[in-house]
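Shown next, in C-alpha cells, is the structure this report addresses.
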Amino acid sequence: MNIFEDFLSKSQIFKNRDVLRHSYTPDHLPHREEQIRQLAMLLSPALRGEIPSNIFVYGKTGTGKTATVKLVGKQLEEMSERLKANVYVHYINCEIVDTAYRVFASIARRFGRSVPLTGWPTDQVYDEVKRAIDQKSIVLIVILDEIDKLAKKGEEALYSLTRINSELEKSKVSIIGISNNLNFKDFLDARIISSLSEEEVVFPPYNAEQLVDILKQRAILAFNDGVLEDGVIELCAALAAQEHGDARKALDLLRVSAEIAEREKDSVVRIEHVKKAVEKIEHDHISEVIRTLPIHSKILLYGIALFPEKKFTTGEIYTIYKKLCAKIGIDALTQRRISDLISELDMLGIINSIVISKGRYGRTREIKIDTNADMIKKILEEDYRLESLKRFEKELKNLVSLETFES
DNA sequence: CCTCCACCGGAAAGCCGGGTCA
DNA sequence: TGACCCGGCTTTCCGGTGGAGG
C-alpha cells in the first residue's frame, strides 16, 4: 500500500480548498454591486480613448477592495480587447513594490522592457516607463494597492505618476489608489492628494448577514454537500463581523475550521472546530511574526518576556538587553535604535508601549508584554542563537532584578 | 508657576551587500 | 576593473516635551 493512499482517500470534506484562499477572486462579488457600478462608470472613458479621473478607493481590510478593483480591471481589458481600444490595466501591490524605483520597474516590465532589480538611477527607469508607454497610443490604468505603503519611500513615484500625462505625447495614464488607511494622506503633498482623489469610492465593512452570503457562496464551491453543521457559517460570520466586518478573516476561519475537522477525521465541520480555529489562527499568527523577527528584536523581546508582570521603561529594558547581548556575544545596538525596535514590536501587537511622563523622573515609554509570555519565550528559544539564554534564565533574572529594580 | 529629568523622535549621514555599466 | 546606484539597517546629533516636585 502506498503511504499516500491514506491521505488521498479521506478528503470527505473539501471539494476545492483553493476557493477559500484570499488569492481566489470569484467572478461574482455579493454586496459590492454599487462599488462595481461606480468604478465601471468612472473608468468607461478609457474605452473611448479618454483619460479617466484618478480614483481613490478606501475601505478597511477584507472589504473586497482588491477583489472588486481587479474584477473591474479584468473586464475593462476584455472589453477593450473586443473594441480594439488599447486599454491596459496594471496591478501593483505596494506592500511588495514599495519604492519609486520598483514601481517604475514594474510598469516598464509590463511593457516588455527589461529593468534590473537595482543599479539604475531612478530617473532612468522613469524614462524607460515613458518610452515604453508612449510607443503607441494607449490608455494605462495603474492600480496601486496598499498605496499608503508608498507614502514613506515611494512618494516620488506618486508625484511622477500624477504628472506623467503632461510628459506623454500619445498615451494617457490614470491611477487607482487603494488604501485601508486614510491617515496616510496627512503625510503627502497636498497636490498629490487632490490629484489622486479626483474621485473616491468607499467600501463599507460587511455586516454579519452579508458575510453569511459571501461564505455560503464560497462554501458551495469549496465543500461537499452536507459537511457543515448548522450554524458554522453563521458563527464564522459573526466572529468576523465583530472585527470591522473582515471577509478575509471569515474565510480563514471557515477554512481552518474545516482543516481541523479533517485532521480530526471528523466528517462534519462542527461549532467546536470553529472555536479551535479561532485559537489556532491567533497562535499561528503571533508565532510566525516572532519567528521571523530580526535577532536584535528577538533578544529585546526575550528580555521583556522574562518579566511578564513588569512594566519597563525604555532605559530599564535597554540595560537588560545589553546584558543579554553580552551573554551571547552579539554587539548591542544603540538605545535610539532599540527605541525604534520597541515601536515596531508595539505595532505588531506583541508588546504594549505607551509614552508617559513621570514628571520629575522624565518622559519615557511604559512597556509591557501583551500576549502570553511563556509562549513567546518558547518560540524565541527555538532560535539557536538564543538557546544558551535558556540555561541562564535564573541567573539573569536574579542579576537583573537586583540591579535594576532594587531602588 | 517654573524646572528639569529621561527619554522621544526627526534628520542626516554612514555602512554594506545587492546590482549596472563602460 | 572602478565608478556609481539602490535600499535596508544603524549610528550620530540634537531639538523637543509632559508633568511631579520644588
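Mind counting the residues in the stretch A:106-150 that are touching a helix residue (DSSP H, G or I) at 6+ places or on another chain (Cβ under 6 Å), among the acidic types (Asp, Glu) and within 16 Å of DNA strand C (Cβ to nearest atom)?
So the answer is 2.
Output the number of residues of the stretch A:305-318 satisfying the condition of being small (Gly, Ala, Ser) and either within 15 Å of DNA strand C (Cβ to nearest atom) or within 20 Å of A:Tyr361 (Cα to Cα) (or both).
1
Report whether or not A:Lys216 is away from DNA strand B (no atom under 16 Å from the Cβ), part of a helix (DSSP H, G or I), more than 30 Å from A:Ala238 (Cβ to Cβ) and at pLDDT 90 or above.
Spelling it out, it is not the case that A:Lys216 is away from DNA strand B (no atom under 16 Å from the Cβ), part of a helix (DSSP H, G or I), more than 30 Å from A:Ala238 (Cβ to Cβ) and at pLDDT 90 or above.
In the stretch A:67-77, what residues are within 22 Å of the chain's Cα centre (by Cα) and surrounded by fewer than 21 Cβ atoms within 10 Å (Cβ to Cβ)?
A:Ala67, A:Lys70, A:Leu71, A:Gly73
I'm told A:Arg263 meets every condition in (1) of a type outside the set (Ser, Thr, Tyr); (2) within 30 Å of A:Leu389 (Cβ to Cβ); (3) outside the structural domain of A:Lys377 (by TED's automatic domain parsing); (4) exposed (fewer than 15 other Cβ atoms within 10 Å of the Cβ) except one. Can you identify the failing condition by its number?
Only one criterion in (1) of a type outside the set (Ser, Thr, Tyr); (2) within 30 Å of A:Leu389 (Cβ to Cβ); (3) outside the structural domain of A:Lys377 (by TED's automatic domain parsing); (4) exposed (fewer than 15 other Cβ atoms within 10 Å of the Cβ) is unmet by A:Arg263, namely (2).
List the pairs whose first member sits in the stretch A:325-354 and is under 15 Å from A:Pro294 (Cβ atoms) and within 8 Å of DNA strand C (Cβ to nearest atom), whose second member is assigned to a helix (DSSP H, G or I) and of a type in the set (Gly, Ala, Ser), and whose Cβ atoms are under 7 Å apart, counting only residues at least 6 apart or on separate chains?
Within 7 Å, the pairs are A:Leu341/A:Ser297.
If you go through the stretch A:308-317 one residue at a time, do you hit one that is of a type in the set (A, V, I, L, M, F, W, C), within 12 Å of DNA strand B (Cβ to nearest atom) and touching a residue at least 24 places away in the same chain (Cβ under 8 Å)?
Within the stretch A:308-317, one or more residues are of a type in the set (A, V, I, L, M, F, W, C), within 12 Å of DNA strand B (Cβ to nearest atom) and touching a residue at least 24 places away in the same chain (Cβ under 8 Å).
Considering only the stretch A:129-180, state which residues are among the basic types (Lys, Arg) and within 18 Å of A:Leu43 (Cα to Cα).
Once the filter is applied, which keeps residues that are among the basic types (Lys, Arg) and within 18 Å of A:Leu43 (Cα to Cα), the stretch A:129-180 yields only A:Lys172.
Does A:Ile328 qualify as being more than 16 Å from DNA strand B (Cβ to nearest atom), in contact with a Lys or Arg (Cβ under 8 Å, 6 or more places away or on another chain), β-branched (Val, Ile, Thr) and under 19 Å from A:Ile379 (Cβ atoms)?
Yes.
With (1) within 16 Å of DNA strand C (Cβ to nearest atom); (2) closer than 20 Å to A:Lys170 by Cβ; (3) modelled with pLDDT under 90 as the list, and A:Glu95 as the residue in question, which single condition is left unmet?
Only one criterion in (1) within 16 Å of DNA strand C (Cβ to nearest atom); (2) closer than 20 Å to A:Lys170 by Cβ; (3) modelled with pLDDT under 90 is unmet by A:Glu95, namely (2).
Scan the strands (runs of 3 or more DSSP E) fully inside the stretch A:72-187 and keep the ones with 1 or more residues being of a type outside the set (A, V, I, L, M), in contact (Cβ under 8 Å) with a residue 24 or more places away in the chain and in the same structural domain as A:Gly245 (by TED's automatic domain parsing).
So the answer is none; nothing clears 1.
Going through the stretch A:114-160 one residue at a time, which ones are surrounded by fewer than 16 Cβ atoms within 10 Å (Cβ to Cβ), within 16 Å of DNA strand B (Cβ to nearest atom) and over 22 Å from A:Asn54 (Cα atoms)?
A:Ser114, A:Pro116, A:Leu117, A:Thr118, A:Gly119, A:Pro121, A:Asp123, A:Gln124
May I ask you to say which residue of A:Tyr302, A:Tyr321 is away from DNA strand C (no atom under 11 Å from the Cβ) and touching a Gly at 6+ places or on another chain (Cβ under 7 Å)?
Unique residue meeting the criteria: A:Tyr321.
The values are calculated or read from the model by the stated rules, or taken from the named source; none is laboratory data. Note that the structure is a prediction, hence the values are computed from the model and not measured. Positions of Cβ are backbone-derived with ideal geometry, glycine not excepted, and every protein chain shown enters the neighbour counts.
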